[in-house]
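Engineer: Submitted below is the structure of interest, expressed as structure tokens.
The values are calculated or read from the model by the stated rules, or taken from the named source; none is laboratory data. Computed from a predicted structure; not experimentally measured. Note: ideal-geometry Cβ built from the backbone for every residue, glycine included; neighbour counts use all protein chains shown. To get the accessible areas, we keep the full protein, side chains included, count just its heavy atoms, and leave off ligands, DNA and RNA. Shrake-Rupley method; radii C 1.70, N 1.55, O 1.52, S 1.80 Å.
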Amino acid sequence: MSMPPHDGRWPSPQNNQYPQQPAYPQQYPQQQYPQQQYPQGGHGQPWGPSPVQPFQQLPPQQPPTRSRRGLIIGLVVALVVLLGGGGTWFALSQRDSIASGAATPTEAARNLATALSGSDVVGMIGALAPAEAKLLTEPVGQTTGELKRLGILKPDADPRALTGLQVKAENLTFDETGAEQVNDHLTITKLTGGTLTVTADPARLPLSDQLMDQMPAGQGPQTETIDIARQVRRSGEPVRIATVKVDGEWYPSLLYTVADYALRDEHEPWPSTSIPARGASSANEAVEQLLQAALDADVTRVIELLPPDEMAVLHDAGPAIVAAARDAEPSGAKVLDLTTETSPVPGGTRATVTRVRLQGPDGETYTLTKKGDCYEATGEGRTEELCADYLADNIEHEIGSSLPAEVTAVLRHLSSGVLAQGLGVVTTEIAGKHYVSPLRTYTELGLTVLRSLQPEDITALLHLAG
């Protein structure tokens, strides 16, 4: 692990390699989520958290069969996350509005379909398993506030209101005799018939006037109706919706449905055993231990350090994930010391890494320390700084051309804001033990980006786009 020759600024645009192997954001997702563990919406387009994807994913006139099956899965199950996660406003703002569960798995799946049919955001989120509903609802207040501050949403935009997209479900049928009971708390239901009608009207989105002015003129509502029975016949199998039992009641689960399709696409059954949760004694130790586990390619320990409620799916699917990552090799690096500053965030604690000291495979020691809006790296006898102005210069250098002044200003605001806030990892506490929450960390990263931007940045980018 050697540092490249350089002029004292870190990292060099030509050889930015210091030190990549121990970097937490690169190692952790790769070890925790092997690529083959994710099903694809339409076997090629992943279901992500972008708020515009429901419009982009409407199928063409003659789509492939498997693509339309992916659309149905997304509409029935992933729609709530597409609208509620990743920094959008389509969700609840109050946890006490979450509905209760159902007496049977099929009834739980029907509850979600009923909520979809009524375009009822409260019902849609409330129909999910409680831990998943929390993931969607708790960051909504902060996200909505930032989007209003930036002039992306109207000042009076209501986070509880679903506008711009309507879904109507009619005559949905399930094969109750074909439901698969995986274990005492997981059952896969089978959707076999009915129709879903989706109407998208961007003009009804609660966007600010300056964003609405960028909408193409004359673009009206678009409607698509999907015959589920026809698609089931074409694909040869029903739509699978995972339901989970929590405190004696059944709920549909987005995360378990994703995992179920991932295992099915890899021709793997659900494991008969799970990996139990084993948390750390503090938020700082949870982050440090997870980083070391990732560097050691110890996927079992990574999963042990994930929350047993919101990440229960990875504990249950854990043995399959471990088997899929069996060829991962340890980096040889060791965490000698890691220090964080903690602050409360909705649903957990933000642990901001302020100092980390690593030992490389060759025995060399490297230290990364947060100093204001810079990070200082030391190792191999020299010290270098990564600051906001250098990040902007480096990006412009990589692009190979001069950027407009407005874009350069955006880059400087973004880089200085992100560096000032630092690398934040969100942890949760359950029964006195601390766990790292990957989805909450992802949401916090999105909020970090939003906090770094200024209203004039949005105006400038819209002006350039126009």
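Engineer: Hey, does the stretch 158-178 have a residue that's part of a strand (DSSP E or B), of a type in the set (Ser, Thr, Tyr) and open to solvent by 20 Å² or more (accessible area, probe 1.4 Å)?
Structural biologist: Filtering the stretch 158-178 down to residues part of a strand (DSSP E or B) leaves 165-174.
Cutting the leftovers down to of a type in the set (Ser, Thr, Tyr) gives us 173.
When the remaining residues are screened for being open to solvent by 20 Å² or more (accessible area, probe 1.4 Å), the result is 173.
The answer is yes; a qualifying residue exists.
Engineer: Here are 448, 427: which of them is farther than 21 Å from residue 409 by Cβ and in contact with a strand residue (DSSP E or B) (Cβ under 9 Å, 6 or more places away or on another chain)?
Structural biologist: Numbers: 448 fails: farther than 21 Å from residue 409 by Cβ.
Just a single option satisfies the conditions, and that option is 427.
Engineer: Just to be sure I understand the filter: pairs with C-beta atoms under 7 Å, separated by 6 or more residues or on different chains, first member in the stretch 455-466 and of a type in the set (S, T, N, Q), second member part of a helix (DSSP H, G or I). Which pairs pass?
Structural biologist: 459/210
Engineer: Ok, one more. Within the stretch 275-285, can one find any residue that is within 23 Å of residue 442 (Cβ to Cβ), at pLDDT 95 or above and of a type in the set (Ser, Thr, Tyr)? Explain how you work it out, then say what you get.
Structural biologist: Step one: filter the stretch 275-285 for residues within 23 Å of residue 442 (Cβ to Cβ), giving 275, 277-280, 282-285.
Narrowing further to those that are at pLDDT 95 or above: 275, 277-280, 282-285.
In the following step, the residues that additionally are of a type in the set (Ser, Thr, Tyr) were identified as 282.
Within the stretch 275-285, one or more residues are within 23 Å of residue 442 (Cβ to Cβ), at pLDDT 95 or above and of a type in the set (Ser, Thr, Tyr).
Engineer: (1) outside any helix (DSSP H, G or I); (2) open to solvent by 40 Å² or more (accessible area, probe 1.4 Å); (3) closer than 30 Å to residue 261 by Cβ: which one isn't true of residue 155, the others all being true?
Structural biologist: Only one criterion in (1) outside any helix (DSSP H, G or I); (2) open to solvent by 40 Å² or more (accessible area, probe 1.4 Å); (3) closer than 30 Å to residue 261 by Cβ is unmet by residue 155, namely (3).
Engineer: Of all residues in the stretch 181-191, count the ones that are free of Cβ contacts under 8 Å to residues at least 60 places away in the same chain and either of a type in the set (A, V, I, L, M) or surrounded by fewer than 18 Cβ atoms within 10 Å (Cβ to Cβ) (or both). Please lay out each step first, then the result.
Structural biologist: Start the filter on the stretch 181-191 by keeping residues that are free of Cβ contacts under 8 Å to residues at least 60 places away in the same chain, which leaves 181, 190.
If we keep only those that are either of a type in the set (A, V, I, L, M) or surrounded by fewer than 18 Cβ atoms within 10 Å (Cβ to Cβ) (or both) too, we end up with 181.
Residues that pass the stated criteria total 1.
Engineer: Do you know which residues across the stretch 336-361 are over 26 Å from the mean Cα position of the chain (by Cα), open to solvent by less than 40 Å² (accessible area, probe 1.4 Å) and over 17 Å from residue 376 (Cα atoms)?
Structural biologist: 360
Engineer: Given the criteria at pLDDT below 85, among the acidic types (Asp, Glu) and either open to solvent by 40 Å² or more (accessible area, probe 1.4 Å) or farther than 25 Å from residue 452 by Cα (or both), does residue 132 qualify?
Structural biologist: Working: at pLDDT below 85: no; among the acidic types (Asp, Glu): yes; either open to solvent by 40 Å² or more (accessible area, probe 1.4 Å) or farther than 25 Å from residue 452 by Cα (or both): yes.
It is false that residue 132 is at pLDDT below 85, among the acidic types (Asp, Glu) and either open to solvent by 40 Å² or more (accessible area, probe 1.4 Å) or farther than 25 Å from residue 452 by Cα (or both).
Engineer: Determine, yes or no, whether residue 427 is touching a residue at least 24 places away in the same chain (Cβ under 8 Å), assigned to a helix (DSSP H, G or I) and under 20 Å from the mean Cα position of the chain (by Cα).
Structural biologist: Numbers: touching a residue at least 24 places away in the same chain (Cβ under 8 Å): yes; assigned to a helix (DSSP H, G or I): no; under 20 Å from the mean Cα position of the chain (by Cα): yes.
Criteria not met by residue 427.
Engineer: Could you figure out which of (1) in contact with a Pro (Cβ under 8 Å, 6 or more places away or on another chain); (2) farther than 15 Å from residue 131 by Cα isn't true of residue 329?
Structural biologist: Only one criterion is unmet by residue 329, namely (1).
Engineer: Looking at (1) surrounded by fewer than 18 Cβ atoms within 10 Å (Cβ to Cβ); (2) part of a helix (DSSP H, G or I); (3) touching a helix residue (DSSP H, G or I) at 6+ places or on another chain (Cβ under 6 Å), which is the only condition residue 463 fails?
Structural biologist: Exception for residue 463: condition (3).
Engineer: Looking only at the stretch 348-406, which residues are in contact with a Leu (Cβ under 9 Å, 6 or more places away or on another chain), more than 18 Å from residue 418 (Cα to Cα) and small (Gly, Ala, Ser)?
Structural biologist: 379
Engineer: Further, regarding this structure: Across the stretch 320-330, what is the total count of residues that are assigned to a helix (DSSP H, G or I) and in contact with a helix residue (DSSP H, G or I) (Cβ under 9 Å, 6 or more places away or on another chain)? Write out each step before concluding.
Structural biologist: Of all residues in the stretch 320-330, those assigned to a helix (DSSP H, G or I) come to 320-324.
When the remaining residues are screened for being in contact with a helix residue (DSSP H, G or I) (Cβ under 9 Å, 6 or more places away or on another chain), the result is 320-322, 324.
Residues that pass the stated criteria total 4.
Engineer: Scan 377, 420 and give me the residue that is among the hydrophobic types (A, V, I, L, M, F, W, C) and over 26 Å from the mean Cα position of the chain (by Cα). Break it down stepwise before answering.
Structural biologist: On the way: 420 fails: over 26 Å from the mean Cα position of the chain (by Cα).
Selected residue: 377, the only one of 377, 420 that is among the hydrophobic types (A, V, I, L, M, F, W, C) and over 26 Å from the mean Cα position of the chain (by Cα).
Engineer: Does residue 390 satisfy the condition of being of a type in the set (Phe, Trp, Tyr) and either more than 29 Å from the chain's Cα centre (by Cα) or assigned to a strand (DSSP E or B) (or both)? Break it down into steps so the answer makes sense when it comes.
Structural biologist: Numbers: of a type in the set (Phe, Trp, Tyr): yes; either more than 29 Å from the chain's Cα centre (by Cα) or assigned to a strand (DSSP E or B) (or both): no.
In short, no.
Engineer: Report, by residue number, each residue of the stretch 397-443 that is modelled with pLDDT of 95 or more and in contact with a Ser or Thr (Cβ under 6 Å, 6 or more places away or on another chain).
Structural biologist: Result: 425, 426, 427, 428, 434, 435, 436, 437.
Engineer: Continuing with this model, one more query. Count, please, the residues in the stretch 373-432 that happen to be under 30 Å from residue 307 (Cα atoms) and open to solvent by less than 60 Å² (accessible area, probe 1.4 Å). If you could, list the steps in order and put the result at the bottom.
Structural biologist: Narrowing the stretch 373-432 to residues under 30 Å from residue 307 (Cα atoms): 375, 417-432.
Those still in the list that are open to solvent by less than 60 Å² (accessible area, probe 1.4 Å) too: 375, 417-422, 424-428, 430, 432.
Of the residues in that region, 14 qualify.
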